[in-house]
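Structure record follows, encoded as structure tokens.
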Amino acid sequence: MSNCRLYLITPPAFEPRAFAETLKAALDAGDVACLQLRLKDVADDEIRRACTQLMPIAHAHDVAFVLNDRPDLAREMGCDGVHVGQNDMRYDDARRLVGPDRIVGVTCHNSRHLAMEAGEAGADYVAFGAFFPTSTKTVQFYAEVDLLSWWSELVEVPCVAIGGITLANCEPLIAAGADFLAVASAVWEHTDGPAAAVKAFNAHFG
């Protein structure tokens, strides 16, 4: 029995009201730990609108709702936390903005040093990747699977594996000790629909 869980990332662009129905179906289908709202290059009001539409659905399913990049908006909207990349904001600044009780996760690419720094600073999780090529963003860093084994044996801070993860390639990441698999297109673009994808990922964890 794996302790790994699903960490969903929203599609890069969507209409919140229509996507709300898709999200409900996905979350109804099986266990999901977290939903990260990731909208790039849009107005703040678009992010607010998506939060207002999607966060209640996540919370109704006992799913944490995390905002990408924007600790200021995460705090304003009452999100459960924020995810920051290395180029977005320092962990300390993000923590100061969202407060002590919200989640702060940090992208650490393929760097043991960055991960140790984030963990020691107090990050709630570190994210490693990309493990595979991905269509949702340009990949600058690739991580090796043994990075997950090293981290999970050494450190108690949870780790998220991210980047091109699909039902076909996720097994080695689960076996290596990933606490969460961050998935976007493998769920939203699954040929049988997002609900089938969530169910199938959970079968891998089972």
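When you check Gly99 against the structure, is it touching a Phe, Trp or Tyr at 6+ places or on another chain (Cβ under 9 Å) and either modelled with pLDDT of 95 or more or surrounded by 14 or more Cβ atoms within 10 Å (Cβ to Cβ) (or both), yes or no? So Gly99 does not fit the description; no. Does Asp69 meet the test of being acidic (Asp, Glu) and crowded, with 18+ Cβ neighbours inside 10 Å? Yes; evaluated as a whole, the condition is true for this residue.
Residue-wise test of (1) under 18 Å from Asp179 (Cα atoms); (2) without any contact (Cβ under 8 Å) to a residue 12 or more places away in the chain; (3) touching a helix residue (DSSP H, G or I) at 6+ places or on another chain (Cβ under 8 Å).
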{"position": "Gly105", "(1), (2), (3)": "yes, no, no"}
{"position": "Asn110", "(1), (2), (3)": "yes, no, yes"}
{"position": "Ala118", "(1), (2), (3)": "yes, no, yes"}
{"position": "Tyr125", "(1), (2), (3)": "yes, no, no"}
{"position": "Phe128", "(1), (2), (3)": "yes, no, yes"}
{"position": "Ser135", "(1), (2), (3)": "no, no, yes"}
{"position": "Gln140", "(1), (2), (3)": "no, no, no"}
{"position": "Glu144", "(1), (2), (3)": "yes, no, no"}
{"position": "Ser149", "(1), (2), (3)": "yes, no, yes"}
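Of the helices (runs of 4 or more DSSP H) contained entirely in segment 139-188, those carrying at least 1 residues that are over 26 Å from Ala13 (Cβ atoms) fall at 146-154, 171-176.
Within segment 163-178, the set of residues being surrounded by fewer than 21 Cβ atoms within 10 Å (Cβ to Cβ) and touching a Cys at 6+ places or on another chain (Cβ under 7 Å) comprises just one member, Ile174.
The values are calculated or read from the model by the stated rules, or taken from the named source; none is laboratory data. Predicted model, so just to flag it, every value in this text is computed and none were measured. Every residue, glycine as well, gets a Cβ built from its backbone with ideal geometry; the counts of neighbours run over all protein chains shown.
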